[in-house]
Each structure stands twice: as structure tokens, then as C-alpha cells.
Amino acid sequence: GLAHIAGDDANHFLQGQLSNDINLLSDEHPHQLSAYCNPKGRVLAVFDVLKLQSGYALIAPATVLRKVLPRLKMFVMRAAVDIEQAEDIRVLGLKCIPEQHRDILADLHNMGAQSYVHNNDPQRLFVVAEQQAVTTLLDGTESSPQASENQWRHINIQQCLAEVFP
């Protein structure tokens, strides 16, 4: 699942809500892992945070997002921040060597998709695109570098990256 955080105060808002320094995100380093904790410091969710052209994306299992987003929205108060769970956007995990899959990545970019290199592994990419664009392209590809959800989690376990579920 993907939550889109946008608005003039999005950076300041996320800096106060998440465990990692949002100011470290840049065009060169658009991904980081961050935790969302309760006031006692207990982890409620772990997000892959992406810096998008239009704000930020929080990526986590949809069940986690449904539970945590209402809580995040409670703290918006008067800040200029919009938080919404993106239903029509698909997050795709690719396990590939970007140089070997240039054609697929170029096609995705031509269809309006954005790709982001995983902070811990340069051979893992997040692709954020409209549902229809990703489905059209990858369903017709025999040698798709798309990682299944289980494969992605297995790689996270191998790399000692935490995940939290409700």
C-alpha cells in the first residue's frame, strides 16, 4: 500500500512524526526506512519513505496503512498537509540490475512511472505508477524483474530490515 503525503508543511510534519531525518531525503537519495511510534516509543509501523515530485510516499502493507493513517491525520491540526491512501497507485518492487533491464524501466518511465533505488540495495527498485500502466506493461513481459510480495519480504529478512504488522 501507498499513502501520499503532500502540502507546504509535509516535510515539517513528517519530520515531527517519523523516527528518521526526513531532511536527508533528496533527488540522489530518495528512499529511507522510518518508524512511526507511539508516545512511549513503541513502534506502530515501519515505512519505506520515498521523496516524490509531489510530496512523499509512505509504503507499508495496506493493513498497516489502514490502521496508522487515521492516527497520523489526528496530528495534522492546522498544518498544510494532505494525507491520503492512494488506491489507484501501485507500488511495484523490482529486483534487477538496472543496466540489464533498461528497456522495461524506460517503458515504465514513458508511461509516467517513477522509479526509486532502495537505500540498502542498488539492485532493488520501487516503481510508483498508476495501476493500469504497470499491469499493461509487466503482464505482457515474460522476463519481468518484478518481485512477489513474499520474495520482497524474504530479501528484507536477509538484509535484517524490520517489518511491523497489526
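The values are calculated or read from the model by the stated rules, or taken from the named source; none is laboratory data. No experiment lies behind these values; they were computed from the predicted model shown. Cβ sites come from the backbone with ideal geometry, for glycine too, and all protein chains shown count toward neighbours. Heavy atoms of the whole protein, side chains included, go into the accessibility calculation; ligands, DNA and RNA do not. Shrake-Rupley method; radii C 1.70, N 1.55, O 1.52, S 1.80 Å.
Cα-Cα pairs above 25 Å in the range 1-117: how many percent?
Numbers: 1608 of 6786 pairs.
That fraction is 24 percent.
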inquiry  = Need the full-extension length gain, CYS160 to LEU44, defined as separation in residues times 0.36 nm minus the C-alpha distance. One decimal, nm.
reply    = 39.9 nm
key: Per-residue ³J(HN,Hα) for the range 111-116, Karplus 6.51 cos²θ - 1.76 cosθ + 1.60, θ = phi - 60°, Hz, x for Gly and Pro   = 8, x, 6, 10, 10, 9
query = List the trypsin sites (Lys or Arg not before Pro) in the range 18-60 that DSSP assigns to loop (not H, G, I, E or B) and whose Cβ has at most 12 other Cβ atoms within 10 Å. Which are they?
reply = LYS40, ARG42
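222 nm [θ] for the chain, helices only, -39500 (n - 2.57) per DSSP H run of 4+, per residue, to 500?
Per the formula, -8500 deg cm²/dmol.
Sorting ILE22, ILE155, ILE89 by accessible area (1.4 Å probe), largest first, what list results? Mind dumping the intermediate values first?
Numbers: ILE22 0, ILE155 20, ILE89 50 Å².
Result of the area sort, largest leading: ILE89, ILE155, ILE22.
Taking Rh as the Kirkwood radius, which is the inverse of the mean 1/r over Cα pairs, what is the Rg/Rh value for the range 73-130?
Values: Rg = 15.1 Å, Rh = 13.3 Å.
Taking Rg over the Kirkwood Rh, I get 1.14.
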Relative contact order of the range 2-78, defined on C-alpha pairs under 8 angstrom at six or more residues apart (%) = 30 percent
task = Give, rounded to the nearest 20 debye, the magnitude of the charge dipole that the range 1-127 has about its Cα centre when Lys and Arg contribute +1 at Cβ and Asp and Glu contribute -1 at Cβ.
result = 700 debye
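Enumerate by residue number the chymotrypsin sites (Phe, Trp or Tyr not before Pro) in the range 1-95 meeting two conditions: DSSP loop (anything except H, G, I, E, B), and at most 15 other Cβ atoms within 10 Å of the site's Cβ. The partial results should precede the final answer.
On the way: sites: PHE13, TYR36, PHE47, TYR56, PHE75; in loops: PHE75.
Listed in order of number, the matching sites are PHE75.
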key: the chain - percent relative contact order, Cα under 8 Å, separation 6 or more   = 25 percent
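What do you get for GluC sites (Glu not before Pro) in the range 29-132 restricted to DSSP loop and a cutoff of at most 15 other Cβ within 10 Å of the site's Cβ?
Values: sites: GLU84, GLU87, GLU99, GLU130; in loops: GLU87, GLU99.
Here the sparse-neighbourhood loop sites are GLU87, GLU99.
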